[in-house]
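Asks: Structure below; questions to follow.
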Amino acid sequence: MSHRCLALLITLTWLVAPAGDALALDTKASLSRITFHIAHPAKEYDAQLLDGGADVVAQFDPNNIANTGVDVTIRVESFNSDNTRRDSHMLETLEGFLFPTITWKVQGVSGAEGAIAAGQYKLQAEGPLTVHGVTQNLKVPITMAVAANGNVDVRAEFSISLESFGIDRPTLVFVPIADDVPIRVHMNFRAGMDLFPKTTEASPSETAGSDTAPKGGEEGEAANQPTDTAPSETAQ
């Protein structure tokens, strides 16, 4: 292939490439806390991830918040309830040796669209969740607070059914635990100023101090959101 043909091919590839892919900003979570609650008539407890128990990477499109994506991988062995025997039983119930990870791939969000700006957004995140080898589509409400410095704080609360993922509920005195498992998620992404469109780089600080809420969101309080100080911290 001649150099001229090669140059033409590269140019055509660039022209037909999806704009969203070219603008995607991959950002690894500096904080990822995931907690779930187990309920039984005789006892209730919470379990959360040990340090390093999850890998979370978000994809942000500065020109369209609706293209936001997140890849979450959780290691089942990392759940901790501060009881070794109970955690061992939990790992057995989830068949952690056969299904060592839980994954959720957020493929987009709804509730807002257009360029990302500082502010607080009420969104719906949607994508396939795989637990215990079973995959189901999961759509949950999230709150995403975008600070003027490009810090993104995400929080969500939802629940899943154990039986819907083929998990046999363990019993205590012949009574099984509740099928419904509430889950709380708190994640933080330090995307920086690259989070905002290049043509409006100065607008986030202006937006944070204005009386106009970003399109699809609510009046911004994100600039006043506290920022976690330990980038490497996960799942306290």
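Asks: For residue 29, are the conditions met, namely being touching a residue at least 12 places away in the same chain (Cβ under 8 Å), hydrophobic (A, V, I, L, M, F, W, C), in a loop (DSSP other than H, G, I, E, B) and touching a strand residue (DSSP E or B) at 6+ places or on another chain (Cβ under 6 Å)?
Replies: No.
Asks: Has the stretch 199-209 got any residue that is modelled with pLDDT of 50 or more and of a type in the set (A, V, I, L, M, F, W, C)?
Replies: No.
Asks: Tell me, please, whether a residue that is buried (at least 20 other Cβ atoms within 10 Å of the Cβ) and under 15 Å from residue 105 (Cα atoms) can be found in the stretch 180-197.
Replies: yes
Asks: Does residue 120 satisfy the criteria of being at pLDDT 95 or above, part of a strand (DSSP E or B), farther than 25 Å from residue 37 by Cβ and among the polar types (S, T, N, Q)?
Replies: For residue 120, the condition - at pLDDT 95 or above, part of a strand (DSSP E or B), farther than 25 Å from residue 37 by Cβ and among the polar types (S, T, N, Q) - is met.
Asks: Follow-up question, since we're still on this one. What number of residues within the stretch 137-159 are assigned to a strand (DSSP E or B) and crowded, with 19+ Cβ neighbours inside 10 Å?
Replies: Total satisfying the criteria: 9.
Asks: Also, I was wondering about something else. Could you tell me how many of the residues in the stretch 101-144 are under 16 Å from residue 60 (Cα atoms) and either of a type in the set (S, T, N, Q) or under 13 Å from the mean Cα position of the chain (by Cα) (or both)?
Replies: So the count comes out to 15.
Asks: Next up: For the list (1) in a loop (DSSP other than H, G, I, E, B); (2) small (Gly, Ala, Ser); (3) surrounded by 17 or more Cβ atoms within 10 Å (Cβ to Cβ), I need the number of the one condition that residue 127 fails.
Replies: Of (1) in a loop (DSSP other than H, G, I, E, B); (2) small (Gly, Ala, Ser); (3) surrounded by 17 or more Cβ atoms within 10 Å (Cβ to Cβ), only one is false for residue 127: (1).
Asks: Let me confirm something: among 119, 114, which residue is in contact (Cβ under 8 Å) with a residue 60 or more places away in the chain, crowded, with 21+ Cβ neighbours inside 10 Å and small (Gly, Ala, Ser)?
Replies: That would be 119, the only listed residue that is in contact (Cβ under 8 Å) with a residue 60 or more places away in the chain, crowded, with 21+ Cβ neighbours inside 10 Å and small (Gly, Ala, Ser).
Asks: Would you mind stating whether residue 71 is within 17 Å of the chain's Cα centre (by Cα), surrounded by fewer than 20 Cβ atoms within 10 Å (Cβ to Cβ) and either acidic (Asp, Glu) or at pLDDT 95 or above (or both)?
Replies: yes
Asks: Continuing with this model, one more query. Would you be able to say whether some residue in the stretch 46-62 is among the aromatic types (Phe, Trp, Tyr) and closer than 20 Å to residue 158 by Cα?
Replies: No - not one qualifying residue is present in the stretch 46-62.
The values are calculated or read from the model by the stated rules, or taken from the named source; none is laboratory data. Bear in mind that the values here come from a model prediction, so they are computed numbers and not experimental data. Note that each Cβ is placed from the backbone with ideal geometry, even for glycine, and that neighbours are counted across all protein chains shown.
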